[in-house]
1. Looking only at the range 56-105, how many residues end up being without any contact (Cβ under 8 Å) to a residue 24 or more places away in the chain and closer than 18 Å to E46 by Cα?
2. Can you pull out the residues in the range 46-57 that are among the β-branched types (V, I, T) and out of contact with any Leu (no Cβ under 7 Å at 6 or more places or on another chain)?
3. Select from the range 121-138 the residues that are in contact (Cβ under 8 Å) with a residue 24 or more places away in the chain and under 12 Å from the mean Cα position of the chain (by Cα) and write down the one among them that is surrounded by the fewest Cβ atoms within 10 Å (Cβ to Cβ).
4. Would you be able to tell me the number of residues in the range 106-120 that are over 17 Å from Q47 (Cα atoms), polar (S, T, N, Q) and touching a residue at least 12 places away in the same chain (Cβ under 8 Å)?
5. May I ask you to verify whether M131 is closer than 17 Å to L67 by Cα, at pLDDT 95 or above and part of a helix (DSSP H, G or I)?
6. Report those helices (runs of 4 or more DSSP H) wholly inside the range 1-117 carrying at least 2 residues which are touching a helix residue (DSSP H, G or I) at 6+ places or on another chain (Cβ under 8 Å) and either closer than 22 Å to D134 by Cβ or modelled with pLDDT under 95 (or both).
Amino acid sequence: MRTITPLVFALLLTACSQHPQPSLYQQLGGEPGIAAITDGLLQKIEQDQRIVHHFADTDIARFRRLLAEQLCNISGGPCEYTGGTMQESHTGFNITLAHYDALVENLIDVMQQQQISISAQNQLLALLAPMYKDITYR
């Protein structure tokens, strides 16, 4: 019987103990998780008097599809976002920092309800944060 040298044994243990980190898309629950986040956020928006008026003339089915595409795309999923730029999509809505913060607050609530880890929440929020300048009214 051959013996395994300590170095080879250590390398084998190290290789076995390293688990690849799931992508953000996977941490969010993949397609079903993103659908749940999207639907939960739409329900929160509908109940939030601070921001619901911004969606009065919105095609909600289209908005839902584009939001799910965008969340999937930026989280590393297999989706392609087919909507316009954030600046194009939000021109004329006069969205303030308070409105933006309300939406983010609702998104965080939904992710917590979906039991998404704080790490995954922070990763997604970090990807969305740069969009602030293109969404809000100046």
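The values are calculated or read from the model by the stated rules, or taken from the named source; none is laboratory data. As the structure is a prediction and not an experimental result, all values here were calculated from the model. Using ideal geometry, Cβ is built from the backbone for each residue, glycine included, and neighbour counts are taken over all protein chains shown.
1. 12
2. Going residue by residue through the range 46-57, those that are among the β-branched types (V, I, T) are 51-52.
Answer for the range 46-57, where residues must be among the β-branched types (V, I, T) and out of contact with any Leu (no Cβ under 7 Å at 6 or more places or on another chain): just V52.
3. Here is the first cut: in the range 121-138, the residues in contact (Cβ under 8 Å) with a residue 24 or more places away in the chain are 123-124, 127-128, 131-132, 134-137.
Still in the running and under 12 Å from the mean Cα position of the chain (by Cα): 123-124, 127-128.
Working: Q123: 19, L124: 22, L127: 16, L128: 18.
Ranking the qualifying residues of the range 121-138, first place goes to L127.
4. 3
5. Working: closer than 17 Å to L67 by Cα: yes; at pLDDT 95 or above: no; part of a helix (DSSP H, G or I): yes.
No; evaluated as a whole, the condition is false for this residue.
6. Those helices (runs of 4 or more DSSP H) span 30-47, 60-74, 86-90, 97-113.
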